[in-house]
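S.K.: Quick one: this structure, given as structure tokens, is what I'll be asking you about.
The values are calculated or read from the model by the stated rules, or taken from the named source; none is laboratory data. What you are looking at is a predicted structure, and each value in this text was computed from that prediction instead of being measured. Every residue, glycine among them, receives a Cβ derived from its backbone with ideal geometry; neighbour counts consider all protein chains shown. Note: areas computed on protein heavy atoms with side chains; ligands, DNA, RNA excluded. Shrake-Rupley method; radii C 1.70, N 1.55, O 1.52, S 1.80 Å.
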Amino acid sequence: MYPTIAKYVFFYPIRYLRGEFICPLINKVKQIETYDENDIEKYQIERINNVLSYCKENIPFYRNNLPNKMQYKKYIKSYEDMQNVPVIDKKLYIKEIVKCNSLPKKRVSKRSTSGSTGEPLIFYKERIATAFMDAVMYHTYSWHDIKIGDKQARFWGMPVKQQAKAKEQLKDFFMNRTRFSAFNLEKETMMQYYYHMLKFRPNYCYGYPSLIYEFASFMKANNLSFKALNLKGVILTGEMLLPERLGIIEEIFSAKTINEYGCTEIGVIGFQCKHNKMHVMSHNVYLEVLSEGIQVYDEEGDLYVTELNSNYMPFIRYKLGDRGIITKERCECGVHFPVIKSIKGRVDDFVITPDGRKIYDAIFAYTLKRHVKSFLVIQKRVELIEIYIVRDQLYSENTEKEYLNILHKALGDGIKLQVFHVDELPRESSGKLRYFRSEVSANKQVDTPPNFLNKT
Ligand SMILES: [Zn+2]
């Protein structure tokens, strides 16, 4: 579909009907981007005060834990005052924000994530907040000349159940994108997808880095390239790749890689500019690095995010579960937003099957959803996978049978799946809980500063 048709016939009308008025927000986002440091702080403090006012009135957790307003009827006057606002992690968020909120009165959308931790989170977001999130995303994509409606080749998961799959395919059509499923990495499918890409002619690619890398390696081994596509870029999201792997992607796709850092809860949090620096999306988030509870710059610590344009079920000083470094160093691109210097995040991995196939680990997040509080999967040997599940009360034998059927179908019968019901999952030494660990593959946590630093 022509990008202009996708933009004006589908994208804008569908968003309009959903109550997500993106156009005026994109203009606002553009304006915020011209602010200097002082104006950015002023804008962010005003937004945070607005969110806190709503919270103090409507959410018991904040009613009890938020200090009273200071002079001029404000909760905070500067970034330093954020120290007085309580931090929250996913577990506490589910308990205090999701479960204590009354049914939404405004127009909201349901969103869910299992994240990288295997602990599902279901929450609601106002349509206006979703629109703001997307306005930021589309505007920053335009840093690399990627426009709304442009054709996207998506390297992503695909729902396992037929009905959900059909829904996703319909969505892909309206969004002018084609999808390469992460759960089907066989040689024949990769070859088919290569030809499909040449026919579809995407303007840019988007997806999980390790999946795109697998695809690029396959192409390299077969002397194929996407030079003819003239791609505007390859947006990599969700994890950090080693620089040499990035090089292979750039060579084979014949395009620049662009790093995105974000999460389902809040959308894009950091995005790489033309000068290869990953800027914090200060239009919509306030990002903090805390080391032993104290806010630091140019020093590593835990990442906490505050969403600025969402009141209902807000994310305030929400622990992202990743570690990183933020700096206030200037960037040549002229944007005054802070720069994320490094992130030590998750590293995705693959299940390796006895017949030599690789299947993206997200298959478990896509499958183990209903009645599963959290889970951990460990591939012990090529032919043995252990699944640890923390169940809710409605989890039954049938639920388990259904999940095992889906997984056997995807992974093949050569792998034994052993299920254990547990009350709590063990954490890794880093404190982070990942839902898949492999004792078979060689993927390791990337501890060096991420690639966008090494490319300058
Ligand atoms: Zn920049």
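S.K.: Would you check if there is a residue in the range 49-69 being at pLDDT below 85 and either open to solvent by 80 Å² or more (accessible area, probe 1.4 Å) or touching an Asp or Glu at 6+ places or on another chain (Cβ under 8 Å) (or both)?
M.R.: For the range 49-69, residues at pLDDT below 85 and either open to solvent by 80 Å² or more (accessible area, probe 1.4 Å) or touching an Asp or Glu at 6+ places or on another chain (Cβ under 8 Å) (or both): present.
S.K.: Counting only residues that are within 16 Å of the ligand (Cβ to nearest atom) and of a type in the set (D, E, K, R), which one in the range 267-288 is most open to solvent (accessible area, probe 1.4 Å)?
M.R.: If we take residues in the range 267-288 being within 16 Å of the ligand (Cβ to nearest atom) and of a type in the set (D, E, K, R), then K274 is most open to solvent (accessible area, probe 1.4 Å).
S.K.: Determine which member of the set V382, V390, V377 is under 27 Å from L241 (Cβ atoms), surrounded by fewer than 20 Cβ atoms within 10 Å (Cβ to Cβ) and of a type in the set (A, V, I, L, M).
M.R.: Result of the check over V382, V390, V377: V382.
S.K.: Quick one: G233 ticks every box in (1) more than 26 Å from N203 (Cα to Cα); (2) surrounded by fewer than 23 Cβ atoms within 10 Å (Cβ to Cβ); (3) within 16 Å of the ligand (Cβ to nearest atom) except a single one, so which number is it?
M.R.: The one condition G233 does not meet is (1).
S.K.: Report those helices (runs of 4 or more DSSP H) wholly inside the range 1-68 carrying at least 2 residues which are more than 27 Å from G334 (Cβ to Cβ) and out of contact with any His (no Cβ under 8 Å at 6 or more places or on another chain).
M.R.: Qualifying helices (runs of 4 or more DSSP H): 12-17, 37-58, 60-65.
S.K.: Could you go through the range 252-262 and let me know if any residue there is open to solvent by 10 Å² or more (accessible area, probe 1.4 Å), touching a helix residue (DSSP H, G or I) at 6+ places or on another chain (Cβ under 8 Å) and within 16 Å of the ligand (Cβ to nearest atom).
M.R.: Among the residues of the range 252-262, at least one is open to solvent by 10 Å² or more (accessible area, probe 1.4 Å), touching a helix residue (DSSP H, G or I) at 6+ places or on another chain (Cβ under 8 Å) and within 16 Å of the ligand (Cβ to nearest atom), which makes the answer yes.
S.K.: May I pose another question? State yes or no: is S142 on the phi < 0 side of the Ramachandran plot, among the small types (G, A, S), free of Cβ contacts under 8 Å to residues at least 24 places away in the same chain and open to solvent by 10 Å² or more (accessible area, probe 1.4 Å)?
M.R.: Yes; evaluated as a whole, the condition is true for this residue.
S.K.: Output the strands (runs of 3 or more DSSP E) that fall wholly within the range 289-407 and possess 1 or more residues being away from the ligand (no atom under 16 Å from the Cβ), more than 18 Å from the chain's Cα centre (by Cα) and among the charged types (D, E, K, R), or say none.
M.R.: Filter on the range 289-407 gives 358-360, 372-381, 384-391.
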